[in-house]
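The structure appears below as structure tokens.
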Amino acid sequence: MASRPRPRNGALADERAAGQTALLVIDMISVWDFPDAARLLPHAARIAPAVARLRRRCLAAGVPVIYANDHRGRWRSDFPALVQQALAAGGEGARIAGLLAPGEQDYFVLKPQQSAFHATPLALLLQHLQVRRLLLAGVASDQCILATAIAARMRDLEVIVPRDCTATQTARRQAMVLAQFDTVFKLSTTPGPRIRLAGASSRGTRP
């Protein structure tokens, strides 16, 4: 992944997010060697094309894309190296990495726990980008997506969890967490193609 130019004036970002919106892609770039990965990988592969389509729409609309990945137990982890490892691993994981490979315009954070906000610079990055609405895509929907959504709401961010762009280990668990997003947290689960990206007042429309 090519290095980006250093932002001016010490800022983390040199632009503002169109529509005050950002897309956060969680744990989709991986070598899939963690416990229970074999159960999760087929579901991640299933949603990868939808996440890729949403990412392309976001980039075309000026909506920044941020990747959040586990630091794999070491703060010396290297996200560009992880992308290359995922591509080299072959199989479904490599196909996902190929579909979602970040570009020089994208951002990334490394997280030690489920929430992409915990012990990461994500909140500061969103502040610099002037983000008020966060789209969450990736895996697992009832673990890292859920923890990140709760942390985002505690920061008064609007959160959309597009149902076609998230997954977990089983269909039953996915249905349960989508119901929880809707009924408990009052979050939109509007599918990616129906999310309006133009304009600061755009909001996901509940089906």
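The values are calculated or read from the model by the stated rules, or taken from the named source; none is laboratory data. Note that the coordinates shown come from a computational prediction; the quantities given were computed from them, not determined experimentally. Ideal geometry is used to build each Cβ from the backbone, glycine not excepted, and the neighbour counts take in all protein chains shown.
Annotations for the structure displayed:
Here's the yes/no breakdown for (1) without any contact (Cβ under 8 Å) to a residue 24 or more places away in the chain; (2) within 26 Å of residue 71 (Cβ to Cβ); (3) outside any loop (DSSP other than H, G, I, E, B):
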| position | (1), (2), (3) |
| --- | --- |
| 119 | yes, yes, no |
| 124 | no, yes, yes |
| 128 | no, yes, yes |
| 135 | no, yes, yes |
| 138 | no, yes, yes |
| 172 | yes, no, yes |
| 180 | no, no, yes |
| 193 | no, no, yes |
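- The listed residues are 153, 206, and the only one of them that is touching a strand residue (DSSP E or B) at 6+ places or on another chain (Cβ under 7 Å) and at pLDDT below 95 turns out to be 206.
For (1) touching a strand residue (DSSP E or B) at 6+ places or on another chain (Cβ under 6 Å); (2) exposed (fewer than 15 other Cβ atoms within 10 Å of the Cβ); (3) in a helix (DSSP H, G or I), each residue gets a yes or a no:
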site	(1), (2), (3)
52	no, no, yes
58	yes, no, yes
63	yes, no, no
87	no, no, yes
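- Meets criteria (of a type in the set (Lys, Arg), at negative phi and under 18 Å from the mean Cα position of the chain (by Cα)) for residue 155: yes
- Number of the exception - residue 111 against (1) more than 23 Å from residue 156 (Cα to Cα); (2) under 14 Å from the mean Cα position of the chain (by Cα); (3) at pLDDT below 95: (1)
- Inter-residue pairs, beta-carbon under 7 Å, first at pLDDT 90 or above and among the hydroxyl-bearing types (Ser, Thr, Tyr) and in the range 61-89, second assigned to a loop (DSSP other than H, G, I, E, B) and surrounded by 13 or more Cβ atoms within 10 Å (Cβ to Cβ), 6+ apart: 67/29; 67/102; 67/106
- Screening residue 169 on (1) at pLDDT 95 or above; (2) within 28 Å of residue 14 (Cα to Cα) shows it passes everything except condition (2).
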